Every structure is written in C-alpha cells, then in structure tokens.
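The values are calculated or read from the model by the stated rules, or taken from the named source; none is laboratory data. Predicted, not measured: the structure shown is a model, and the values here were computed from it. We place every Cβ from the backbone using ideal geometry, glycine too, and count neighbours over all the protein chains shown.
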Amino acid sequence: MNSALEARRSTAARIGIGGPVGSGKTALIEALIPVLHARGVDLAVITNDLVTAEDAERLRRSGLIDPERVSAVEAGACPHTVIREDPSLNIMAGDVLEERFPGVELLIFESGGDNLASTFSLDLVDWWIFVIDVAGGDDIPRKKGPGVLRADLLVVNKTDLAPHVGVDLPRMLAEARQVRGGRPVIATNARRGAGVAAVADAIVAAVLFDHAPAA
C-alpha cells in the first residue's frame, strides 16, 4: 500500500463531492458552508483542479470560510487519479489541514470536474456525493455512470433550469432513484439554497453524529 495511505491519521470525517464540469460542485460547497457552520461544524475544504487553483481561490474570496482553511491540489492529469487510483496528494493535503486546525471535524474534498465515471477511493473519503445538473440532460440517470450509481448521495442540481432546457424534472428524479435502487437522491438549486439543508442533513446523518438534531 502507498505509504501516504498507511500514514493517514485522520480524526475528522472526510467526504467527497464529485461530478462533471459545470454541474455546480463549488456552488454546492459555497451553499453548504454557512449551513454547516450554523450547525456548529468545524470544517475545511480541499479542491482539485487540473493545473490551477481556481476553485480554491473562488472559495477563499467568497468570505464564507477562513481562506487558510482552503487547500488546493493540482492533479496535473486525469482528475480520477488523485481521488481514486492514487489519492496520496489529497490525503496529505487533508492531514496538513488537520495539523493546522486541530479542531476540524469535517474535510470536504472537491474533485476536479470530470465525466460520469468519476468515483472516490474509500482510502480518501468516508462518504461521497456525486453532482449532476439538469442542463446536462435528463438522460444522465439512464446512462448509469459509476458516479451516478455508486455515490452515497446523488445531487441533481440546477432544478430551476428544467423548464428552460426541456427536462421533465419529476421523471428525471424518478429515473435517478430507480437506477440507484432507491438510494438517496436530492434535488437542489444550490445558488438559491433550495435543497441544500437536506444535503447538510444527509452529511450530518452519515458522518457527523454529534451534530444531529436531538430526537
């Protein structure tokens, strides 16, 4: 096993957010940060881009999070590589953030934009989300890509665009749930905050039990 994987000493929960280019991964993170902060979650973010730190810089400028809590990994190759085949760069970036911020409870890893085959190694994350968007076409669920099928949570974003791109949103959501065998699917409009609380609920329920609301 890669020595970086053996060296992982994470105490924070680690989740992944992947999906095609333009599906709204960064927008979802921007919407999630204040919701999770309001629930008392101490978090940090690691972004992945091919040869830039563009998504990291966007988050640092957002005013939503301490810029020091955002790290960037430049894959330099297929985005699959650093989240699946050899996630050592991401593991090390997460370890550095945990050392700098000992109280951090949640690390969010954003994959570089990729196709429907993108998946996360469980050496890197404990739980992961795949984001698709309505404008990408209502046939995405029927294509049954690994990201759609294997993610712990599928997010269908940009729901407001459905009437403008000829998508039957209820049908798209029903087909997504069908191909996923009933596993969770949440519809969102991340830029307007619609559905974001439900995504936060799913994260808390999956990996942040101390922040779950009292019964």
Discussion item. Can you tell me which of (1) crowded, with 18+ Cβ neighbours inside 10 Å; (2) free of Cβ contacts under 8 Å to residues at least 24 places away in the same chain; (3) of a type in the set (A, V, I, L, M) is the one A205 doesn't meet?
Written reply: (1)
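A quick yes/no check of all residues on (1) closer than 29 Å to E57 by Cβ; (2) in contact with a Lys or Arg (Cβ under 6 Å, 6 or more places away or on another chain):
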{"site": "G113", "(1), (2)": "yes, no"}
{"site": "V131", "(1), (2)": "yes, yes"}
{"site": "D139", "(1), (2)": "no, no"}
{"site": "P170", "(1), (2)": "no, no"}
{"site": "R183", "(1), (2)": "no, no"}
{"site": "A212", "(1), (2)": "no, no"}
Discussion item. Restricting to the range 66-78, and then to whatever is surrounded by fewer than 19 Cβ atoms within 10 Å (Cβ to Cβ) and in a loop (DSSP other than H, G, I, E, B), can you tell me which residue is modelled with the lowest pLDDT?
Written reply: A77
Practice prompt. Kindly establish whether A31 is without any contact (Cβ under 8 Å) to a residue 40 or more places away in the chain, in a helix (DSSP H, G or I), out of contact with any Cys (no Cβ under 9 Å at 6 or more places or on another chain) and of a type in the set (A, V, I, L, M, F, W, C).
Written response: no
Worksheet item: In the set T47, T52, T81, which member is exposed (fewer than 15 other Cβ atoms within 10 Å of the Cβ) and either of a type in the set (V, I, T) or in contact with a Gly (Cβ under 9 Å, 6 or more places away or on another chain) (or both)?
Response: T52
Worksheet entry | Every residue from the range 162-176 that is surrounded by fewer than 16 Cβ atoms within 10 Å (Cβ to Cβ) and under 27 Å from F120 (Cβ atoms) | A174
